[in-house]
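**Q** Shown below is the structure under consideration.
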Amino acid sequence: MSLTVLKNQNKSLLKKLYTMCIIMLMVFTIQAQTGNGVVAQINSPYSFTPTTVDSTTTIDIVFVNTVAAPQTVTLAGISAPFNISSSSVLIGASDSTTLQLSFNPTSTGNFTNTLSWTGSIFGSGSLVLDGEGVQVALSVSSDTINMGNLSLGTSVTETIILSNTGTGTMNISTISTNNSQITVTPTFLQITQ
């Protein structure tokens with residue numbers, strides 16, 4: 001065999017080996033997850049509407065898994081008077097799920113807590129919660145009104161004073177009478193504490 005043929009065969013063999021190395025490098029390329037992983041679609045801090053003692057206000061929170069694989073999301077950190085409908089949930093790849101978050105105060109006052117979550121593959125977050133437990137109490141200046149004797153075609157005005165001696169804002173949505181001869185104004189009002 002001549003030296004030129006041997007050189008050409010070695011060049012050809014080196015080219016094939018070089019090509020195989022590049023292909024092997026492409027096969028072993030690793031991609032890292034970027035982004036948030038698990039996202040709650042709600043602004044933090046979140047303030048519940050003032051809630052009457054021993055009543056419950058509930059909201060829905062949508063959790064989104066931005067990872068292209070299913071993952072279990074573990075939720076923790078909150079205690080009474082706040083509650084979450086589940087302490088963990090499996091969310092499919094690039095999918096979402098809805099959980100209920102509730103506020104149930106058993107006493108008056110302001111409450112704060114933080115809900116935190118962690119994905120089993122990637123992602124975590126937290127949500128600061130605020131809520132006010134209120135207990136409105138209606139006080140009326142008189143429980144009866146004496147309009148006296150009236151002549152036909154005349155009118156009389158009497159005043160009743162309503163007060164909120166509790167905590168929070170009292171919303172009175174309807175004030176009415178079952179007597180067609182009597183009118184009441186206003187027909188709704190708000191009384192702050």
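**Q** Assuming R0 = 45 Å, can you tell me the calculated FRET efficiency for the pair S87 and D143, based on Cβ-Cβ distance, to the nearest 0.05?
**A** For S87 and D143, the calculated efficiency is 0.35.
**Q** Multiply the residue separation of L150 and T49 by 0.36 nm, subtract the distance between their alpha-carbon atoms, and state the gained length in nm to one decimal.
**A** 31.7 nm
**Q** What is the Cα coordinate range of the range 136-193 on the first, second and third principal axes, sorted by size from largest, in whole angstrom?
**A** Sorted from largest, the Cα extents of the range 136-193 read 44, 19, 15 Å.
**Q** Multiply the residue separation of S96 and S116 by 0.36 nm, subtract the distance between their alpha-carbon atoms, and state the gained length in nm to one decimal.
**A** 5.5 nm
**Q** Just to check I understand the Karplus step: with θ = phi - 60° and J = 6.51 cos²θ - 1.76 cosθ + 1.60, what whole-Hz values come out for the range 48-63, glycine and proline as x?
**A** Values, residue by residue: 5, 5, x, 10, 5, 3, 6, 10, 10, 10, 10, 10, 9, 10, 9, 9 Hz.
Each reported figure results from applying straightforward, stated rules to the coordinates on display, with no laboratory input. Owing to the predicted nature of the structure, the values given are computational and were not obtained by experimental measurement. With ideal geometry, Cβ positions are generated from the backbone for all residues, glycine too; neighbour counts draw on all protein chains shown.
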